[in-house]
Amino acid sequence: MGKAMPDLSLVSTSLDERRTVRLAANQTLVIGRADECDVQLHDRWMSRRHCEITVEGDEVWIRDLGSTHGTLVNEQPVIEQRLREGDVIRLGLTSFRVERQAGVHLPLGMGVRLMTGGSTMLCAWR
């Protein structure tokens, strides 16, 4: 039998309000500006389909989807990398920290307004 899924969440660090995206077992989330993304962020430096986060067993992976400005983990550009607790992901002007916590599981289709650098971003979870 495989190991249990780590209880990890993505927690915004660059936004005025703390927002959390809980990672679920056997889940792949696409993050970007496009309407069809699972996590939609209106960040002018983010690509339409910027990256994806995949939970595989007890591991969490991030993969850049050919974004213009790149995906950074701990300020290092990555194409694909396993994420660990404490890692900081930067996508455009938006940053998330990988944290072990309960997190807030937002239902599909729920949108949240996020503030950064004096401008409003809409973050929509599908």
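Below is a table of values for the structure above.
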read-out	value
5 angstrom amide H check on His42, placed H, neighbours 5+ away	Leu122
For Val88, solvent-accessible area (1.4 Å; no DNA, RNA or ligand), Å²	40
For His50, distant residues with modelled amide H under 5 Å away	Ile31, Gly32, Arg33
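The values are calculated or read from the model by the stated rules, or taken from the named source; none is laboratory data. This one's a predicted model, so the numbers in the text were calculated from it and none came from an experiment. These area figures cover heavy atoms from the full protein model, side chains too; ligands, DNA and RNA do not enter into them. Shrake-Rupley method; radii C 1.70, N 1.55, O 1.52, S 1.80 Å.
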